[in-house]
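Data first, discussion second: the structure below is written as structure tokens.
The values are calculated or read from the model by the stated rules, or taken from the named source; none is laboratory data. Since we're looking at a predicted model, the values are computed, not measured. Methodologically, a virtual Cβ is constructed for each residue, glycine included, from the backbone with ideal geometry; neighbour enumeration extends over all protein chains shown. These area figures cover heavy atoms from the full protein model, side chains too; ligands, DNA and RNA do not enter into them. Shrake-Rupley method; radii C 1.70, N 1.55, O 1.52, S 1.80 Å.
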Amino acid sequence: MNKNNHFHLLGAVIATGILSFSGVLIETAMNVTFPILINEFGLSTSKIQWVTTIYLLVIAITIPLSSYFNERFSARKLFLVANLIFLVGVLTNCFSPNFAMLLFGRLLQGVGTGIGLPLMFHLILTKAPLHKRGMMMGIGTLTTSIAPAIGPTYGGIISNSLDWRYIYIFLLPLVIISLVLGLACLPREGAKTPKKLALCPVIALSIMFFAFISALSAEHLMTFALLFIVGLVGAFLFVRLNRKESLIDLGILKNHRFVALIFSLLVYQALLLGLSFVLPSFIQVSAGFSSSVAGLFMFPGALIGAVLAPISGKVLDQIGARKPITTGLILAALGLALLFVFLPTKSLALLLVAHIVLMLGLGISYSNLMTCSLSTLATDQLSDGNALVNTLQQFIGAVATAVVATTLSIFQGLNGFKVGTSHGTSIILALFFILIIVSLIVSFPNLKKLEPIIKKIFDE
């Protein structure tokens, strides 16, 4: 029997990163297939978006349990469970005969990613030396941020030449490689102290998330109002029950610097998920190009953003946080403005330039925002902070996807499928531009105050 008693940080981060990468890959790959799925299943844009939303929603519900999982189970056991559940989800979607089975497979993938994604960052935050944390966070972020670069191209080419189910079939070897590498690098550890699961807060959180996302996807005002009220009740119950049985320490939200930086990080998350939905749809529906062209369009900018993630982490280690993050936010705002201006031309070349500028900004600042936000917390708050950040990222991603899909559906209903998609895309870009400007205003003074703290951490 192979006794694995040695911890290999880099290999463990790569293994958990591949698992997270696989989840993000098929998420963005499927976004390109939405026009195809609409035709195959005869559903509206607001209903098809549940392919992405159900995945993000399940991740958002699973991630808060990461603090409990990390204290209750070894990293090796968590990784094995996450990988196998994800693998079953992928196999389900390899042979999905209908929309319900497609959603079930996405649900299982969400559970697997919801366990694996925070596990990767937990390993970095607890095992990596402080002076290497920025670089390791960059490597961890690279494994997930490069997926949006490859995903649309991967999904577009496959769906244009083969059945969309091959998106999952070709993913199977990668998931198996992740499994083998993780089992080789993660050691066998002794039993941990049993910890009681805060089940009631989990149920309340699930109700809150599901109700809010369903409200955003509602087609009637009364349905929206009812679901929104249910979401508010779920939020109230979660806060109250969480005080009795702590799922996540919400006391970290009293840290104003943490909250300000998380706001900017969440704006980026909404931007990434929203644009990965709306731009491929615009290119196919309004501009009249194929799914493979839509996928290839997303590749250069997303690849640049992904490659810059570890480099920007190294820059943070050396010169601090304020300059790279503020520069990134300004470039992101400029890229969005250019996308808005160039959109009526339907010129792929002009839109590509604008998208590259946008992704340059994200690449410079995205992973650094996460590093800085978590660095404002005490060591004993890192597990809860990591869980909260990842939970909010997935929830905001689901919110952004639902809002974008609903916006497109409204304009498609008013102006027709082609023109409505174009008008809806313009409105969405304008909203994202406003959010980026607000995040720049909010984060800049906090970054200035945080600079000496970050420098001290990385000098130690």
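A quick yes/no check of all residues on (1) within 25 Å of Gly140 (Cα to Cα); (2) open to solvent by less than 30 Å² (accessible area, probe 1.4 Å); (3) of a type in the set (Ser, Thr, Tyr):
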residue: Leu369; (1), (2), (3): yes, yes, no
residue: Asn386; (1), (2), (3): yes, yes, no
residue: Gln393; (1), (2), (3): yes, yes, no
residue: Ile396; (1), (2), (3): yes, no, no
residue: Ala402; (1), (2), (3): no, yes, no
residue: Thr421; (1), (2), (3): no, yes, yes
residue: Ile427; (1), (2), (3): no, no, no
residue: Leu435; (1), (2), (3): no, no, no
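Taking (1) within 22 Å of the chain's Cα centre (by Cα); (2) open to solvent by 10 Å² or more (accessible area, probe 1.4 Å); (3) under 18 Å from Leu247 (Cα atoms) in turn, Asp380 satisfies each apart from (1). Yes or no: Leu102 under 23 Å from Tyr166 (Cα atoms), in a helix (DSSP H, G or I), in contact (Cβ under 8 Å) with a residue 40 or more places away in the chain and under 18 Å from the mean Cα position of the chain (by Cα)? In short, no. Within the stretch 268-284, is even one residue more than 22 Å from Val403 (Cβ to Cβ) and modelled with pLDDT of 80 or more? For the stretch 268-284, residues more than 22 Å from Val403 (Cβ to Cβ) and modelled with pLDDT of 80 or more: absent.
Against the numbered list (1) open to solvent by less than 10 Å² (accessible area, probe 1.4 Å); (2) more than 18 Å from the chain's Cα centre (by Cα); (3) at pLDDT below 80, Leu10 comes up short only at (1).
Would you check if there is a residue in the stretch 74-92 being farther than 30 Å from Ala215 by Cα, buried (at least 23 other Cβ atoms within 10 Å of the Cβ) and in contact with a Cys (Cβ under 7 Å, 6 or more places away or on another chain)? No.
Residues in the stretch 160-187 that are more than 30 Å from Ser74 (Cβ to Cβ), more than 23 Å from the chain's Cα centre (by Cα) and open to solvent by less than 70 Å² (accessible area, probe 1.4 Å): Asp163 alone.
Here Phe277, Phe238, Phe212 are screened, and the one residue that is closer than 30 Å to Pro344 by Cβ and open to solvent by less than 70 Å² (accessible area, probe 1.4 Å) is Phe277.
Conditions (1) outside any helix (DSSP H, G or I); (2) modelled with pLDDT of 80 or more; (3) farther than 22 Å from His122 by Cα, marked per residue:
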{"position": "Gln381", "(1), (2), (3)": "no, no, no"}
{"position": "Ile396", "(1), (2), (3)": "no, yes, no"}
{"position": "Ala400", "(1), (2), (3)": "no, yes, yes"}
{"position": "Gly420", "(1), (2), (3)": "no, yes, yes"}
{"position": "Phe433", "(1), (2), (3)": "no, yes, yes"}
{"position": "Val438", "(1), (2), (3)": "no, yes, yes"}
{"position": "Val442", "(1), (2), (3)": "no, no, yes"}
{"position": "Leu447", "(1), (2), (3)": "no, no, yes"}
{"position": "Phe458", "(1), (2), (3)": "no, no, no"}
